[in-house]
Amino acid sequence: MVYLKTDDEIELLRQANLLVGKTLAELAKVIQPGVTTKQLDRLADEFIRDHGAIPTFKGFPNPHGEPFPASICTSVNHQVVHGIPNDTPLQDGDIVSVDCGTKLDGFCGDSCYTFAVGEVSDEIRQLMRVTKEALYKGIEQAVAGHRIGDISNAVQSHCEQYGYGVVREFVGHGIGHDMHEDPQVPNFGRRGSGKMLKAGLCIAIEPMITMGTREIYMQEDHWGIITRDNKPACHYEHTIAVRKGKADILSSFDEIENILNNKQ
Ligand code: MG
Ligand code: MG
């Protein structure tokens, strides 16, 4: 069931989402060759709890009923989503998508950012740029009176111009007291199709874009999702509230990008 949020509820969602942005900014400070994704996980877990929130991913069950063992998902290079943090050091030229969820005062935050580790190739830089552009093109469509398919189509058409793959099996979603609420927000679809967007609808928009084929499969750990051709994948996600005229972005990349700009 889709339920629309009041302005007070949207403010609580904003706080949970801003905390995700701050957590990702903490990680931005330390992401460099040699760091492990397990170290990132420990930092994120501590930061979220120190701010009075709970990392919602920890213990989240997969279809086998197995709990996710960490507080963030870290998907490296050809991993698309749901990578389990591990002890392998990140290397110069890698990319790592860090997906983070919090629950604060009963409301959920959910946002993801793909980070370059050291210097990445121009090809990968373009994949990152286009995926992020697609996210904002989707957000532009998330206004009252439009339809879900308008968001989906904006994301898909932007990425496919570059020959990139748009993952079908994982999609954006409604968000509120629960991390995953109705409706689903696919990254592919026809303009003018799907449910009408109403003011107060809160959704996570999250393009998952591959450099090559959009075909994916699940790793043996029952979590990590990787590209079939082993080419890199990229993932950015914002939580937004639908409003009249312009979407209200509740999560933020500002602190992350301030830190990344100062590192250069
Ligand atoms: Mg997420
Ligand atoms: Mg999400």
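Computed from the coordinates by the stated procedures, all read-outs in this text should not be read as laboratory data. Bear in mind the structure is a predicted one, so any value in this text is a computation, not a measurement. As a convention, Cβ positions derive from the backbone with ideal geometry for all residues, glycine included, and neighbour counts pool all protein chains shown.
Taking a point 7 Å from the Cα of Asp105 along the Cα-to-Cβ direction, the residues of segment 18-35 with backbone N closer than 13 Å to it are 18-19. Summary value for segment 154-243: 30 percent relative contact order, contacts being C-alpha pairs under 8 angstrom separated by 6+ residues. Phi angles across segment 98-115 convert, under the Karplus curve 6.51 cos²θ - 1.76 cosθ + 1.60 with θ = phi - 60°, into 3J(HN,Hα) values of 10, 9, 9, x, 10, 10, 10, 6, x, 10, 9, x, 7, 7, 9, 9, 9, 9 Hz, Gly and Pro given as x. A quarter of the convex hull surface defined by the alpha-carbon atoms of segment 77-184 gives 8.3 nm² as the mean projection.
Per residue, the convex hull spanned by the Cα atoms of segment 42-102 amounts to 89 cubic angstrom. Mean sequence separation of contacting Cα pairs (under 8 Å, at least six apart), scaled by the length of segment 59-154, corresponds to a relative contact order of 17 percent. Above 18 angstrom, tally the Cα pairs of segment 1-148 and express them as a % of all pairs, no decimals. Roughly 62 percent, once rounded to a whole number. What's log10 of I(q)/I(0) for segment 7-263 at q = 0.11, 0.12, 0.13, 0.14 Å⁻¹, Debye sum over Cα points only, no solvent? Relative scattering, expressed as log10 I(q)/I(0), comes to -0.53, -0.64, -0.76, -0.89. If you take the Cα centroid of segment 4-63 and the Cα centroid of segment 199-262, the two points sit 14 Å apart. Dipole of the chain computed with +1 at Lys/Arg Cβ and -1 at Asp/Glu Cβ about the Cα centre; of Met128, Val80, Gly138, farthest Cα towards the positive end is Gly138. For segment 180-264, the Kirkwood estimate of the hydrodynamic radius, built from every pair of different alpha carbons, is 15.8 Å.
Rounding to the nearest 20 debye, state how big the charge dipole of segment 102-233 is about its Cα centre with +1 on each Lys and Arg Cβ and -1 on each Asp and Glu Cβ. Please report the intermediate quantities before stating the final value.
On the way: 14 positive and 18 negative charges, 109 e Å.
Here the size comes out at about 520 debye.
What GluC sites (Glu not before Pro) does segment 110-187 have in DSSP loop regions with at most 10 other beta carbons within 10 Å?
On the way: sites: Glu119, Glu123, Glu133, Glu140, Glu160, Glu169, Glu181; in loops: Glu119, Glu169.
Those satisfying the criteria are Glu119.
Across the chain, C-alpha contacts under 8 Å between residues 6 or more apart give a mean separation that, scaled by the residue count, equals a relative contact order of 24 percent. Each Lys and Arg contributes +1 and each Asp and Glu -1, all at the Cβ; summed about the Cα centre of the chain, the dipole is approximately 760 debye.
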